[in-house]
Amino acid sequence: MTQTLPPKETVIEGVYLDVAPQFDDARGSLLVREAGHGLPFVPKRMFYLFDVPEGSKRGDHAHRTCHQLLICLKGRVECVVDNGHERASRWLDSSNLALYMPPMVWGIQQGYSKDAILLVLASHEFDPDDYIRSYNEFKSRALQQDRP
């Protein structure tokens, strides 16, 4: 059975929202993401965020080389993305939605519902040197990338 999906929604340049194919029958529902089809990289790491206190922010950093795919498995989370030139936010409120963030995108996750479970798939293993935790440093690096 094939399913027609809506096109990927560009949130800001380089960042997009993708809808996974969903298959429903009497046994339940199945969502699929495969490398090259809704999964833009082969994950080397995954982690979950849950029981995030009301009003808390997560993320608030960028990665130099790591790609990420964020999927809210339950509840809802607001994801703010910034590529150094434009900033936007999208709510992840359905487990068939995924937000792709390439390297050099500042990301903030906030507005977690009490029951939210956010799955993050990462293209690289944890490396503290891959993180940019200062927005000013990120902004400076983003502007340098644009120079010929």
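Just one of the listed residues (GLU78, GLU125, GLU34, GLU137) is on the phi < 0 side of the Ramachandran plot, of a type outside the set (A, V, I, L, M) and modelled with pLDDT under 95, and it is GLU34.
From the list ARG58, ARG90, exactly one residue is of a type in the set (D, E, K, R) and more than 14 Å from ASP18 (Cα to Cα). Which is it? Unique residue meeting the criteria: ARG58. Taking region 54-108 as the range and being of a type in the set (Val, Ile, Thr) and within 11 Å of the chain's Cα centre (by Cα) as the test, the residues that pass are ILE71, VAL77, VAL80, VAL81, VAL105, ILE108. Can you name the residue in region 85-107 that is out of contact with any Asp or Glu (no Cβ under 9 Å at 6 or more places or on another chain) and closer than 25 Å to GLU137 by Cβ and is also surrounded by the fewest Cβ atoms within 10 Å (Cβ to Cβ) among such residues? The selected residue is ARG87.
If you go through region 5-15 one residue at a time, do you hit one that is open to solvent by 60 Å² or more (accessible area, probe 1.4 Å), farther than 19 Å from ARG133 by Cβ, assigned to a strand (DSSP E or B) and modelled with pLDDT under 95? It would help to see each step written out before you state the result.
Filtering region 5-15 down to residues open to solvent by 60 Å² or more (accessible area, probe 1.4 Å) leaves 5-10, 13.
After this cut, where a residue has to be farther than 19 Å from ARG133 by Cβ as well, the list is 5-10, 13.
Next, from what is left, pick out any that are assigned to a strand (DSSP E or B): 9-10.
If we keep only those that are modelled with pLDDT under 95 as well, we get 9-10.
There is at least one residue in region 5-15 that is open to solvent by 60 Å² or more (accessible area, probe 1.4 Å), farther than 19 Å from ARG133 by Cβ, assigned to a strand (DSSP E or B) and modelled with pLDDT under 95.
Taken over region 85-141, the residue count meeting the criterion of being under 27 Å from VAL32 (Cβ atoms), hydroxyl-bearing (Ser, Thr, Tyr), without any contact (Cβ under 8 Å) to a residue 24 or more places away in the chain and not in a strand (DSSP E or B) is 1.
Beta carbons closer than 7 Å, at least 6 apart along the sequence or on distinct chains, pair a first residue in region 41-56 that is aliphatic (A, V, I, L, M) with a second that is assigned to a loop (DSSP other than H, G, I, E, B) and surrounded by 10 or more Cβ atoms within 10 Å (Cβ to Cβ) for VAL52/TYR112; VAL52/ALA116.
Residues that are small (Gly, Ala, Ser), assigned to a strand (DSSP E or B) and open to solvent by 50 Å² or more (accessible area, probe 1.4 Å) within region 25-84 comprise SER29, ALA35, listed in sequence order.
The values are calculated or read from the model by the stated rules, or taken from the named source; none is laboratory data. Given the structure is predicted, the values throughout are model-derived calculations rather than measurements. FYI the Cβ positions are ideal-geometry reconstructions off the backbone, even for glycines, and counts take in every protein chain you see. Note: accessible area is taken over every heavy atom of the protein model, side chains too, but ligands, DNA and RNA are not part of it. Shrake-Rupley method; radii C 1.70, N 1.55, O 1.52, S 1.80 Å.
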